[in-house]
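The values are calculated or read from the model by the stated rules, or taken from the named source; none is laboratory data. Keep in mind it's a predicted model, so treat the numbers as computed, not measured. Note that each Cβ is placed from the backbone with ideal geometry, even for glycine, and that neighbours are counted across all protein chains shown.
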Amino acid sequence: MDYKERTKELVKKVLEIARKENKLSGFCIGNTTKIDNEGLFFTPIRNTSIMVVAGVIVYSIRQAVDVSEIVDGKVDYVLVDAEKKISDKMSLSGNSANVERSVREVIAKSVLWIYKGNDIAVDAIDSFLFYLTKDSLRGLGGKKITILGAGNLGCKLALKLVERGACVFITRREPKKVNIIAEALNYIKPAYTTSKVTGLTDNEEAAKEADVLIGMTQGIPVITSKIIENLSQGALIIDGGKGTLCASAFETIERLKVDVYRLDISGSFEGLIHNLFATENLIKKKMGRRMFNAEPIVSGGLLGRKGEIVVDNINNPKIVYGIANGSGDFIRNPEGEYAARLMKIQTIIERSNQN
């Protein structure tokens, strides 16, 4: 079965589940730098609390366009990865291979959402590590975390983890590049974060006595038996790049009873869907400004003009947050006319809530 027929089949399954469970339907179009010998590949159907979503990871613009033409109008939402990860040689025109732009040009009937695939993976690992250390008073603070592979994913993750207080070691083959990356991450981390990112070229040196080891190479085996043997007692390993463990490492893992986890984005993906849906709902249904009982109200993140009353929902206000000072904040301790106007709207809304 070719990928076009497979796409049609997945769309059919998604629609069946979505209709049965009264949910929205969606289809993800992602791209990656990790080349698979089988060509493009399809991701599992993800059944979130809001939406049922199938997906595909493409390696060329032609594939992205073909899939877009099939799913447009069939599913409620099409999600496309905004990150540029495929070679320009895989474009249709010889220009920059931009999957997002190509999908945008096709989708006309379904709602188009944009996401960043690498950010989903980074958030998944960050949340996973938080959960594993949630019962510790220090959490990740002071722990040595080694990330083998300081590419886009590895660098984003390093910043998140150093912000949590971890001592992060990253590796890359080129000494100049890894030093520049580590220096940059240390420069942009919060000013009062004392932990830091250290860049090395030697994987064994970087991983020695690590509490957490994360493989973030694009499926390239880099985690060896020796690296595992030199981790701290009770260390855990995350195969973030999927395929980062050498064949010889598995026997050592069994012998030493080391915990190994593979990247699972289920929780992070669920959060993505909720975030995108909530943002869409905010902009479409709650954002704006208008007159309400002869008073100007504003909502949904719009910067309030001085004297406007800030509420939770422009169309159906239920909560009054305050009165805008015109500079992005509230008037603190409003008096006189401001206080009277605020009280007027609060009273009207409270009465409405009671009815």
Does I188 satisfy being touching a strand residue (DSSP E or B) at 6+ places or on another chain (Cβ under 8 Å), in the same structural domain as I238 (by TED's automatic domain parsing) and touching a residue at least 12 places away in the same chain (Cβ under 8 Å)?
no
Within region 114-137, work out how many residues are in contact with a Gly (Cβ under 7 Å, 6 or more places away or on another chain) and in a loop (DSSP other than H, G, I, E, B).
1
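Regarding region 135-147, can at least one residue be identified that is in contact (Cβ under 8 Å) with a residue 24 or more places away in the chain and within 19 Å of the chain's Cα centre (by Cα)?
Checked region 135-147: at least one residue is in contact (Cβ under 8 Å) with a residue 24 or more places away in the chain and within 19 Å of the chain's Cα centre (by Cα).
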Subset of region 226-255 that is hydroxyl-bearing (S, T, Y) and under 27 Å from G141 (Cα atoms) - its residue that is farthest from the chain's Cα centre (by Cα)
S232
Can you work out which of the residues in region 53-73 that are assigned to a strand (DSSP E or B) and at pLDDT 95 or above is farthest from A18 (Cα to Cα)?
V56
Which ones in region 87-113 are modelled with pLDDT of 95 or more, outside any helix (DSSP H, G or I), of a type outside the set (G, A, S) and out of contact with any strand residue (DSSP E or B) (no Cβ under 6 Å at 6 or more places or on another chain)?
K109
Determine, yes or no, whether R164 is more than 19 Å from V258 (Cα to Cα) and in contact with a Phe, Trp or Tyr (Cβ under 9 Å, 6 or more places away or on another chain).
yes
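Among the residues of region 161-182, which ones are hydrophobic (A, V, I, L, M, F, W, C) and in a helix (DSSP H, G or I)? Write out each step before concluding.
Of the residues in region 161-182, the ones hydrophobic (A, V, I, L, M, F, W, C) are 161-162, 166-170, 178, 180-182.
Matches in region 161-182: L161, V162, V178, I180, I181, A182.
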Do you know which of the residues in region 123-144 that are aliphatic (A, V, I, L, M) and surrounded by fewer than 24 Cβ atoms within 10 Å (Cβ to Cβ) is nearest to L263 (Cα to Cα)?
A124
Restrict the check to region 329-337 and report whether at least one residue is farther than 22 Å from F27 by Cα, acidic (D, E), out of contact with any Asp or Glu (no Cβ under 9 Å at 6 or more places or on another chain) and not in a loop (DSSP other than H, G, I, E, B).
yes
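Kindly establish whether K196 is under 27 Å from the mean Cα position of the chain (by Cα) and assigned by TED's automatic domain parsing to the domain that holds G139. Write out each step before concluding.
On the way: under 27 Å from the mean Cα position of the chain (by Cα): yes; assigned by TED's automatic domain parsing to the domain that holds G139: yes.
In short, yes.
Within the bounds of region 202-209, is there any residue that is more than 30 Å from V71 (Cα to Cα) and within 19 Å of the chain's Cα centre (by Cα)? Walk me through it before giving the result.
Looking only at region 202-209, we keep the residues that are more than 30 Å from V71 (Cα to Cα), and these are 202-209.
Among the residues that remain, those that are also within 19 Å of the chain's Cα centre (by Cα) are: none.
Within region 202-209, not a single residue is more than 30 Å from V71 (Cα to Cα) and within 19 Å of the chain's Cα centre (by Cα).
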